[in-house]
Amino acid sequence: YSINYRGSKHPRVYLSANEGRQKEYGWDVIERIAWKLPQITFHLFGAPWITHQSNVKVHGRVPKDQMNEEVKNMQCGLRLNESDGFSEITAKSVLWGQYPITAIKNEMLPYFYDDDELVSLLTSLSQMWEPNHKARDYYMKRLNHYPWICS
């Protein structure tokens, strides 16, 4: 996972969920807040979803390699599940030098308690011009204890 991060005035954010678990993984939250963030495009992977927001793109289930190729140049892997631990989305996002945001506290990563805090964190993405080296370095040291993750 090499650094692919490029800042953008119009950040692209991605989430994933398996079919039947979209609400558990916060897709309804995106539907609720996307109108407040017209500069951001939200990409939803893994399941169908009906959206009424023009800045929400539903990709459905795609092969993992295709998803990785599509998201590695985005700005944020967003994990809204409140009991997920350190998810694959979060790990990949930080390893690519992005700025992941989660609903639970992880060292060196922003997290939120409500929609207003989430909107504020997402808004700040348009000011992140350099890769997230600090968090990436922190997690590279920890994840390298598990070589099958970083290979």
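The values are calculated or read from the model by the stated rules, or taken from the named source; none is laboratory data. None of the values given here were measured: they were computed from a predicted structure. We place every Cβ from the backbone using ideal geometry, glycine too, and count neighbours over all the protein chains shown. What goes into the accessible areas is simple: the full protein's heavy atoms, side chains included, and nothing from ligands, DNA or RNA. Shrake-Rupley method; radii C 1.70, N 1.55, O 1.52, S 1.80 Å.
Of note:
- Over all other residues within a Cβ to Cβ distance under 14 Å of residue 6, the charged ones net out to +2, with Lys and Arg as +1 and Asp and Glu as -1.
- Apportionment of accessible area to carbon and sulfur, the chain, percent (1.4 Å): 51
- Heavy-atom accessible surface of residue 54, to the nearest 10 Å², is about 100 Å², with a 1.4 Å probe and all protein chains retained.
- Full-stretch length increase - residue 111, residue 134 - with 0.36 nm per residue and alpha-carbon distance subtracted: 6.7 nm
- The residues of the range 12-76 present an accessible area of 51 Å² per residue when probed at 1.4 Å with all protein chains retained.
- The stretch between residue 23 and residue 84 holds 20.6 nm of extra length on full extension. This uses 0.36 nm per residue minus the Cα-Cα distance.
- In summary, the aspartates and glutamates within cross-link reach of residue 36, defined as a Cα separation below 17 angstrom excluding same-chain residues under 8 places away, comprise 28, 114, 115, 116, 117.
- For the residue pairs 57/92; 23/64; 23/57; 9/57; 23/134; 9/141, the C-alpha atoms sit more than 27 angstrom apart in 23/134; 9/141.
- Neighbourhood net charge (9 Å Cβ-Cβ; Lys/Arg +1, Asp/Glu -1) for residue 115: -1
- Applying 0.36 nm per residue to the separation of residue 119 and residue 51 and subtracting their alpha-carbon distance, the gain on full extension is 22.7 nm.
- Inter-centroid distance (Cα atoms) of the range 92-134 relative to the range 17-33, Å: 18
- Farthest positive-ward along the chain dipole, Cα basis, beta-carbon charges - from 3, 58, 127: 3
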